[in-house]
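Right, one structure below, let's go through it.
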Amino acid sequence: MKKWNLIIDVAKCFNCNNCALAVHDEYYDNEFPGIAASMPRLGHRWIDLIQRERGVYPLIDVVTLPVTCNHCDDAPCLKAARNGAVEKRADGIVVIVPEKAKGQRQIVESCPYGAVWWNEEKKLPQAWPFDAHLLDAGWTKVRASQSCPTDAIRTLKVDDAEMRRLVAEEGLQVLQPEAGTKPRVYYKNLDRFTKALVGGSVAGPVSGTEECLAGASVALVQGGRKVAETVTDTFGDFRFDGLDEGSGGYRLEIRKPGFAPGALDFTLGQSAYLGVITLTASAA
Amino acid sequence: PDGTTRFVSHTNGGPMFVYVKGGKVIRLTPIEFTDEDAPSWTIKAKGKTFTPPRKTTLAPHSTCHKSTLYSPDRLLYPMKRVDFDPNGERNCENRGISGYERISWDEALDIVAGEIKRVKREHGQGAIMGTHGSHHTWGNLGYYISSAFKFFNTIGYTKVAHNPDSWEGWYWGAMHHFGYSMRLGQTETYNCVEDLMQEAEMVVFWSADPETTSGSYAAFEGTSRRQWLKDLDIEVVHIDPYYNNTATLIGGKWLAPKPGTDPAMAFAIAHVWLTEGLYDKKFVAERTVGFDKWADYILGKEDGTPKSPEWQEAETGISAREVRALARQWGKKKTYLGAGGWGNGHGGACRSATGIQWARTLACLMGMQGMGRPGVNYGHMQWGTPIDIRFFFPGYADGGLSGDLEGTGLAISLYQRMPQLPTYNTATQKVPRLQIPEAILEGKAEGYPWDGKTLEGQFRKFSYPAAGHSPVKMMYKIGGASLGTMNDSNRYVKAYRTDKLEFVVNQSIWFEGEAKFADIILPACTQFERWDISEFGGTGGYALHGQTQMNHRVILLQHKCIEPLGESKSDFQIFLDLSCRLGLSAYFSEGQTELDWVKRMFDSSDLPKHISWKQFLKRGYFVVPALDEKHRDPVALRWFYEGRKKDVPEPHPLPADYSQEFLNGLQTQTGKFEFECNSLKRFDANDPERPPVVKYLRSWEGPGTENYDRFPLQLISPHSRFSYHTMSDGKQSAVNDIKEHRVLIDGYYYWVLRINEEDAKARGIKHHDLIKVFNDRGGVLCAAHVTNRLPQGAVHAYESSAVYDPIGEPGYSVDRGGCINQLTPKRSIAKKVTGTAANSCLVQVELWDGKAELIQ
Ligand SMILES: Nc1nc2c(c(=O)[nH]1)N[C@H]1C(S)=C(S)[C@@H](COP(=O)(O)OP(=O)(O)OC[C@H]3O[C@@H](n4cnc5c(=O)[nH]c(N)nc54)[C@H](O)[C@@H]3O)O[C@H]1N2
Ligand SMILES: Nc1nc2c(c(=O)[nH]1)N[C@H]1C(S)=C(S)[C@@H](COP(=O)(O)OP(=O)(O)OC[C@H]3O[C@@H](n4cnc5c(=O)[nH]c(N)nc54)[C@H](O)[C@@H]3O)O[C@H]1N2
Ligand code: SF4
Ligand code: SF4
Ligand SMILES: [Ca+2]
Ligand SMILES: [Ca+2]
Ligand SMILES: [Mo+4]
């Protein structure tokens, strides 16, 4: 049977907040019985956007991770709820039923993703209900997808086998897989958020003047093994992405015809700009 | 199916469907097209085919609009300051301090109409100042250019002359090189998207963040197009002190010059091109004049200083090596220059002490590369989609129902289609907007005008008071943004708090900013609560054919979705009610309702050829069919590059401004691109700030200038990502929960100031600490956003807080609302122009010591 899923492409998200604001628009001051009580005017972010900077001037990458209820197939909130206050619908959507959830603060604490918000005035735990009332009325995508200007959020209604195929094909990941909650919200390019980026610039003398060296080959070596290789751009800049934070010592090996090979040893903690590496003209 | 009715409305940030149930707005969404709507265009480039998404987009400041529509800060009733008595004590100095009481519409209208008559009778011509912000809730008829202009003309008023703050350096500077006065110094942009995609190899974004500013009204229409740059393998460079949101989305090389030093980099690029022969020599020889003088200056033949990449390094902080690499790539590859948020002008760099130089040097770079050559033009995919602009529908600047043939685009764009009673303002007195406080407090002001008819329009200096006119005694203000948007804004607070202004009426939607300094407040409603008609991004006027930023041309019937909240009324209705009391109702409305006027505008346009009034009224929008591939407009400036007659659908310049033959050449004296500007030579050949050939002059407020030791940080204040100026900020709007917009500290939502990690560390400041940013002009409390998206020495806070919240005496104390413009200089960019240099601003930042007083 077909069920709802979300695919969020981290590489396409630039923190415009339209998705979060569309959710606010939908739930603030609106009641959808059985699905959601109204959201407070301020303070809740049922889709939250977590921003992260990787690197420093002049080489930086700014990444945003949209985080929301994952509509887990094995949902801790469901187990924590009393008298059926959390329901797993046949179409995959997890709903915190407002009529049954009053006072159940433990639902907030049970969610490993911090995706449940406490409505102090109503004494209600609340999370994004996948716009279930709209989908039930015939909408084919959630408001976050509709309002996203970069197409970073896709709403999919497919069966689980098809979803598994997409996970493999597009290299999708979920948040905290170790929690074993089986989220229905999948991420593409999640490495942009979780992994480290390092880069640097290559320069050297050309007819006595220091120039950016474009087209230099840069190899990233760890323990004598080449882990990645790239070529410098117009500005002599290079970058390696997808490295593990704190993954230890590396060596950069730089080659450009006409120059003596260059090298730089560094230890990778967090994302970093390694500075300008200046090559010297080869003896020949 | 859920009991809602779907209406249509429109905003600064895009059109929308409005779902209403039981008289209440339930939700706002972008418009998704159906098969009934005209098909979209396709562009074929580099072996690939591209077509835009079949929907409209919405900017964040519009997506949150329901929360501002129903804001607790909405003005729902007319109000009177409690200690204001029009027939007794006025207590003017208590403006901004005393509270308000609710009064009836009758009482409010009687007071305002009575005051209009009284100040005219007691003081004479010019005593009423009528003023408004630059923008309005959307709609061609409700817009201030339409209904407020008509009303003000009807009563006679001292006009507030806005400086061209969006354009500044382009208007006062670049325009003298190539004309385009009717675009205030921005070039034409026809069909540039297709040309860029098919021909260009690189795009340089210079002081340009279209993902934040949306080309002003284009929501995220350009976003999907800019994502195509990657598919097309087009190289991208960003020159901006801030790693802006466009860079965040599409990546590319980031160069962060010290704010206001960009002209030095531009000169150095020209230096590389000159010394290495990397420019279009044929174009320079045939289509330009004055090149030798420009070249002499660059090469240092004139002053002994070659403007080399090494030379600029000391100014900008960018290595000579990187500038050389950029210059070579630009000189060798076909490159689009995306200058400012529109791509052909604007940009924070044009609003600084070096703004004129910046725009001029960029123009000269394009003069060297041959603007109009395939793949060489202005733009960054924002303007110039292949939509059909021959279909007639007016824009908001075309005057609506104003009858104003002088101050709007009515005479050239709409009057012929929609004849109406003309209106004239009989007072000729003007006050520059940036000098309202001086005009009121000191009784003196002078300025240079924003007048696009010709290059020379800007040279006609004017002074206040005008001969035989009364000083201003009454202010009629539409909206209340100035405390967040105008430089050195404590001045405005002080000007309000004096009896030199006998009466202040403010007509606003929200109780914020200047509204809190009025004697009488008239509650206006939003566009959701009135009828109107308009086009997505359809401005007309100086931004003619701005629709080409959109992926589709969408014309909208703006439904009156709900009844006005409380006792609020549309601006039109308020003006009409006042007109009735002045015996001018028929003159103001021609006996027609707002909906009648909407129908009249519909009839004046090309819409009836395609859709009936009934259908339009019901459906609420119409998509104008795009041009097919064979009939697309010629590419901008190609005619000039190739030495042909002008063939783009642009009705500018006026015939008299062609130097030789109609449609031949640019608007300059020679008809050519002028490296040495004849218009400036005629005006003042010896002006050191604006010499005929552009020269480098450091900013008068920046590194090394007076007080740099006390205020060592350069503050830039670009346009806010999550609000449209003050619109959608404050008001308990949903955007306040966005941590990039405001941060909640101890129960208060503070404005955000971005500061480099090292600069923060040196001051003991941590992320989201409460800090004070200050200089001799003011002090503002902000939440620190510690970042590496800025180099050291620069700080960044958006302009335009809606909230002014002094913690002591208004005008004399620290503000915690976030009005960053308290800190910016009132000094004009240059002596012989009237322009803002808000981005030339030195400040210090420290952890807040809890004090309310300003340093003085
Ligand atoms: N530091 C710094 N300052 C800047 C700039 C900068 O880059 N840096 N940029 C400058 C630029 S380019 C500009 S354009 C200006 C803009 O500055 P302003 O012109 O001051 O700002 P607007 O947003 O146009 O102000 C519109 C006002 O009208 C009100 N309003 C909107 N719709 C309606 C309506 O339907 N009825 C009524 N009665 N009122 C309405 C709004 O609430 C608001 O108060 O700011 C300038 N200031
Ligand atoms: N969301 C939103 N969109 C808007 C508006 C809004 O208020 N909010 N306002 C609209 C209006 S009225 C206008 S005029 C346009 C303005 O559009 P622009 O003038 O293009 O926008 P700004 O944000 O002022 O400046 C663009 C960039 O210039 C950079 N900058 C500042 N100083 C310098 C400098 O010295 N050198 C360089 N190289 N870069 C610099 C800023 O960091 C910023 O990223 O935006 C329009 N669109
Ligand atoms: S709307 Fe899209 S791009 Fe914007 S914040 Fe949400 S996911 Fe990111
Ligand atoms: S993300 Fe949290 S709230 Fe949502 S289903 Fe999983 S455990 Fe429950
Ligand atoms: Ca009194
Ligand atoms: Ca001329
Ligand atoms: Mo502007």
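The values are calculated or read from the model by the stated rules, or taken from the named source; none is laboratory data. No experiment lies behind these values; they were computed from the predicted model shown. All Cβ positions, even for glycine, are placed from backbone atoms using ideal geometry, and neighbour counts span all protein chains on display. Side chains included, ligands, DNA and RNA excluded: accessible areas come from the protein's heavy atoms. Shrake-Rupley method; radii C 1.70, N 1.55, O 1.52, S 1.80 Å.
Worth pointing out:
- Apart from one condition, B:E315 fits all of (1) within 11 Å of chain A (Cβ to nearest Cβ); (2) open to solvent by 10 Å² or more (accessible area, probe 1.4 Å); the exception is (1).
- Candidate set from region B:700-735 (those that are out of contact with any helix residue (DSSP H, G or I) (no Cβ under 6 Å at 6 or more places or on another chain) and either under 22 Å from A:R45 (Cα atoms) or within 14 Å of another protein chain (Cβ to nearest Cβ) (or both)); member that is most open to solvent (accessible area, probe 1.4 Å): B:Q732
- For region B:81-89, the condition of being within 14 Å of another protein chain (Cβ to nearest Cβ), more than 16 Å from ligand 7 (Cβ to nearest atom) and not charged (D, E, K, R) holds for none of the residues.
- Screening B:V743, B:V693 for residues that are under 30 Å from B:E642 (Cβ atoms), crowded, with 17+ Cβ neighbours inside 10 Å and of a type in the set (V, I, T) leaves exactly one candidate, B:V693.
- Filtered by the rule that a residue be open to solvent by 10 Å² or more (accessible area, probe 1.4 Å) and out of contact with any strand residue (DSSP E or B) (no Cβ under 7 Å at 6 or more places or on another chain), region B:1-18 gives B:P1, B:D2.
- Residue check, B:L141 more than 23 Å from the chain's Cα centre (by Cα) and part of a loop (DSSP other than H, G, I, E, B): no
- Leading residue by the ranking (nearest to the chain's Cα centre (by Cα)) among those in region B:573-588 that are in contact (Cβ under 8 Å) with a residue 12 or more places away in the chain and open to solvent by 10 Å² or more (accessible area, probe 1.4 Å): B:Q573
- Of the residues screened, B:T131 is not one that is under 33 Å from the mean Cα position of the chain (by Cα), hydroxyl-bearing (S, T, Y), surrounded by fewer than 21 Cβ atoms within 10 Å (Cβ to Cβ) and away from every other protein chain (no Cβ under 14 Å).
- Scanning region B:54-80 for residues that are hydrophobic (A, V, I, L, M, F, W, C) and either free of Cβ contacts under 8 Å to residues at least 60 places away in the same chain or away from ligand 7 (no atom under 16 Å from the Cβ) (or both) gives B:L58, B:C64, B:L69, B:L75, B:L76, B:M79.
- Being within 17 Å of the chain's Cα centre (by Cα) and surrounded by fewer than 20 Cβ atoms within 10 Å (Cβ to Cβ) is a condition met by at least one residue of region A:106-119.
- Region B:205-256: number of residues that are over 17 Å from A:I60 (Cβ atoms), away from chain A (no Cβ under 12 Å), assigned to a strand (DSSP E or B) and more than 7 Å from ligand 2 (Cβ to nearest atom): 0
- Only one entry in B:W330, B:W273 is closer than 21 Å to A:E210 by Cβ, away from chain A (no Cβ under 14 Å) and either assigned to a helix (DSSP H, G or I) or touching a residue at least 60 places away in the same chain (Cβ under 8 Å) (or both), namely B:W273.
- Residues of region B:22-41 classified as within 15 Å of B:V624 (Cα to Cα) and touching a residue at least 60 places away in the same chain (Cβ under 8 Å), total: 7
- Residue within region B:425-433 that is assigned to a loop (DSSP other than H, G, I, E, B), of a type in the set (A, V, I, L, M), touching an Asp or Glu at 6+ places or on another chain (Cβ under 8 Å) and modelled with pLDDT of 95 or more present: no
- Selection within region B:825-855 - modelled with pLDDT of 95 or more, over 27 Å from B:Y464 (Cα atoms) and surrounded by fewer than 16 Cβ atoms within 10 Å (Cβ to Cβ): B:E846, B:L847
- Residues satisfying the stated conditions in region B:62-76, i.e. of a type outside the set (S, T, N, Q), within 14 Å of B:G13 (Cβ to Cβ), more than 7 Å from every other protein chain (Cβ to nearest Cβ) and open to solvent by less than 10 Å² (accessible area, probe 1.4 Å): B:L69
- Take the conditions (1) of a type in the set (A, V, I, L, M, F, W, C); (2) under 30 Å from B:N245 (Cα atoms); (3) away from ligand 4 (no atom under 14 Å from the Cβ); A:W139 misses just one of them, which is (2).
- B:Y750 being crowded, with 22+ Cβ neighbours inside 10 Å and at pLDDT 95 or above: yes
- Residues that are open to solvent by less than 10 Å² (accessible area, probe 1.4 Å) and within 11 Å of chain A (Cβ to nearest Cβ) within region B:19-58 comprise B:V25, B:R27, B:L28, B:T29, B:P30, B:I31, B:T56, B:L58, listed in sequence order.
- Here B:V623 meets each of (1) of a type in the set (V, I, T); (2) outside any loop (DSSP other than H, G, I, E, B); (3) under 30 Å from B:Q369 (Cα atoms) with one exception, condition (3).
- Pairs with Cβ under 7 Å, 6+ apart, first in region B:632-657 and more than 14 Å from chain A (Cβ to nearest Cβ) and away from ligand 5 (no atom under 16 Å from the Cβ), second assigned to a helix (DSSP H, G or I) and open to solvent by 60 Å² or more (accessible area, probe 1.4 Å): B:G643/B:E286
- Subset of region A:12-64 (residues that are buried (at least 19 other Cβ atoms within 10 Å of the Cβ), of a type in the set (G, A, S) and within 8 Å of another protein chain (Cβ to nearest Cβ)): A:A20, A:A22, A:G55
- Scanning region B:757-794 for residues that are within 18 Å of B:T485 (Cα to Cα) and either open to solvent by less than 20 Å² (accessible area, probe 1.4 Å) or in a strand (DSSP E or B) (or both) yields B:V773, B:F774, B:N775, B:G778, B:G779, B:V780, B:L781, B:C782.
- Index of the failed condition, A:C212 passing every other in (1) more than 14 Å from chain B (Cβ to nearest Cβ); (2) open to solvent by 10 Å² or more (accessible area, probe 1.4 Å): (1)
- Only one of B:K599, B:K569, B:K560 that is within 27 Å of B:Y19 (Cβ to Cβ), open to solvent by 10 Å² or more (accessible area, probe 1.4 Å), touching a Cys at 6+ places or on another chain (Cβ under 8 Å) and in contact (Cβ under 8 Å) with a residue 12 or more places away in the chain: B:K569
- Elements of type strands (runs of 3 or more DSSP E) contained in region A:1-98, each with 3 or more residues being touching a Cys at 6+ places or on another chain (Cβ under 8 Å): A:59-67
- For A:E109, the conditions (1) part of a loop (DSSP other than H, G, I, E, B); (2) of a type outside the set (G, A, S); (3) out of contact with any His (no Cβ under 7 Å at 6 or more places or on another chain) all hold with the exception of (1).
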